[in-house]
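One structure below.
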Amino acid sequence: MTNESIPIASSEAGIPAPQGTAASRTRGLLHGPIVLTLLRLGPPNIVVNVVLIAVTASVDAHFIGRFGPNALAGISLVFPLIMLMQQVANSSMGGAIAAAVARAIGAGRHGDASALVIHGVIIAAGMAAIFC
């Protein structure tokens, strides 16, 4: 894989640069300070993720609670591992591999995209073995 890629808003890629307010937002994303951009884009995703986790945990507890206190005690032992597995699958590994594949396909490097998919499957199998 090479790092030779064309900027997203470049006319060389055959994609016209956006016009109007979209252009200023795109410029801000592409050329703005990285840390401030991440700090601006991160909180909405974190809030949604926390709400979804809370709802999922509540529904699971309600469903398992119907089986009695022994079932709740059993699930409380594995709950931290379930949350760890869900977060690894939800954010870091899946998102990074999907983004890398999308970049490779967008740059026309289909061989690299195929290699990334294979590596993603290997990483997923390794993580599954660790969690088992």
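For the reader, a short list of remarks on this structure follows.
- Placing pseudo-labels 7 Å out from each Cα toward the beta carbon at VAL50 and ARG25 gives an inter-label distance of 2.4 nm.
- Phi to ³J(HN,Hα) by Karplus 6.51 cos²θ - 1.76 cosθ + 1.60 over the range 108-123, Hz, x for Gly, Pro: x, 9, 5, x, 5, 4, 5, 5, 5, 4, 4, 5, x, 5, 5, 4
- q = 0.15, 0.18, 0.22, 0.25 Å⁻¹, the range 64-132: log10 I(q)/I(0) [Debye, one scatterer per Cα]: -0.61, -0.74, -0.91, -1.03
- You can think of it this way: the chain between LEU41 and VAL117 has 24.7 nm of extra reach, that is 0.36 nm per residue less the Cα-Cα gap.
Values quoted throughout were computed directly from the atomic coordinates according to the rules given, and no laboratory measurement underlies them. Keep in mind that what you see is a predicted model, and the values were worked out from it rather than measured. We place every Cβ from the backbone using ideal geometry, glycine too, and count neighbours over all the protein chains shown.
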